[in-house]
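Report on one structure; see the data block that follows.
The values are calculated or read from the model by the stated rules, or taken from the named source; none is laboratory data. Since this is a predicted model, take the numbers as computed values, not measurements. With ideal geometry, Cβ positions are generated from the backbone for all residues, glycine too; neighbour counts draw on all protein chains shown. The protein model used for the area step is the full one, side chains on, heavy atoms only, and it has no ligands, DNA or RNA in it. Shrake-Rupley method; radii C 1.70, N 1.55, O 1.52, S 1.80 Å.
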Amino acid sequence: MMAGAQQQPQPSPAPGPFAEADDQLLEEIEKRNFQFFWEQSGAQTGLIRDRCNTLTNENAVVASIAATGFGLTALCIGERRGYMSASDVRDRVLATLRFLWKKMPTHRGFFYHFADINTGDRIWESEVSSVDTAILLCGILTCRRHFDQHSEISLLAYEIFNRVDWSWLSEDTSVLPHGWTPEFGFLPYRWDYYSEMMMIYLLGLGSLPHPLPTQAWTAWKRTNFEFDGIRYIGSFAPLFVHQYSQAWFDFRDKRDAYADYFQNSISATDAHRKFCLELARQFPDYSEDLWGISASDSQKGYVIWGGPPMMGPIDGTVVPSASAGSLPFVPQSVMRVLRNIKEHYPRAWTKYGFVNAFNPLKNWYDSDVVGIDTGITMLMAENARTGFVWNTFMKNQEAQRGMDRAGFKKSQP
């Protein structure tokens, strides 16, 4: 260790271990999830498709930078678990980072939400997205630490991260905007309530060349919710808001001035499970063995739904990633659901893992898998089993600095 260097904090153990049969199921899920990220990527760009139909061979050109962030992390997991050779994975990571640094259009270092998988050009007049850029950066930083012996990967990750101008995003506000477009400037929507946005603020706080001010962390509201005696910080949003930042940032045994966010996600997930059980009076497919509603496909298109409190026209649809994304929080409750789906709903199981959504009451099964939902499933399965993503990502000084500047301390027992 170099003189004056800080000793790395020792990681907490993962929520497992799992029973052998459960661990085998999670291994099969992760292996199939990895195949999505390996196969559904641009040959020249490394960008990952936003979604794909598992029943056809369609080649949609719409890539998502958030899916790409999950995909870069998935590559690290896949290399570690031997799903693909180390050299092939390194080559894929390197090609992706080279494209992101040299060719992918950006604005102040931020990336457009959707892009052409073959060229990287902006699609659908999509916004320069703060949260989707954050997800991409989390994947890039995971690669930097996992492949820390590869100098070009480390350098590219360093350059891409430091190009992001967080001070531009916060130049006239402590509450960050969702994004920006060349046509209209900053979007009117702000990250002003607890949600998946914690990663945006923490990455910005961790930047050296363009940091957010420390007051940005205290600027957003932490609203208390209560359901069936369970209290937690939340917002009127789907369950994934309690999962995404925690796929990379390790909040275990830590708290800021307001909360222990890992315990908060445990409470929020438990409240959601009980919410689904209460809905069983209306939708009898929901049970201890089948629960989980989050933003997803439905028989009538993409829907933002969940609860508590109830949001969206809930109709009995089940979203496998809703429960799977909470594997580290309530592992045994989630495993009941995943075992049940795998054993009793074969049409919900594909070459890439679970479909995005299905409705047993209407005998409807989605044909698509969605990159970000496949991603949160794979990353949280790995974190629940080994803590690998947490332990790798948190070796980045940017992540540690962000949490330090936000005031995180070790939780008192």
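Here TRP166 passes the criteria (1) open to solvent by 30 Å² or more (accessible area, probe 1.4 Å); (2) touching a His at 6+ places or on another chain (Cβ under 7 Å); (3) aromatic (Phe, Trp, Tyr) except the one numbered (1). Here ASN391 passes the criteria (1) touching a helix residue (DSSP H, G or I) at 6+ places or on another chain (Cβ under 6 Å); (2) open to solvent by 10 Å² or more (accessible area, probe 1.4 Å) except the one numbered (1).
A single member of THR68, THR119 is surrounded by 24 or more Cβ atoms within 10 Å (Cβ to Cβ) and among the β-branched types (Val, Ile, Thr), and it is THR68. Residues that are under 19 Å from TRP390 (Cα atoms), among the β-branched types (Val, Ile, Thr) and at pLDDT 95 or above occur at least once in the range 65-76. Note on the range 241-352: enclosed helices (runs of 4 or more DSSP H) holding 2 or more residues that are open to solvent by 10 Å² or more (accessible area, probe 1.4 Å) are 261-279, 331-344. Selection over the range 132-158 of residues that are charged (D, E, K, R), exposed (fewer than 15 other Cβ atoms within 10 Å of the Cβ) and in a helix (DSSP H, G or I) gives a count of 1. Taking the range 9-50 as the range and being of a type in the set (S, T, N, Q), under 20 Å from ALA348 (Cα atoms), in contact with a Gly (Cβ under 9 Å, 6 or more places away or on another chain) and outside any loop (DSSP other than H, G, I, E, B) as the test, the residues that pass are ASN33, GLN35.
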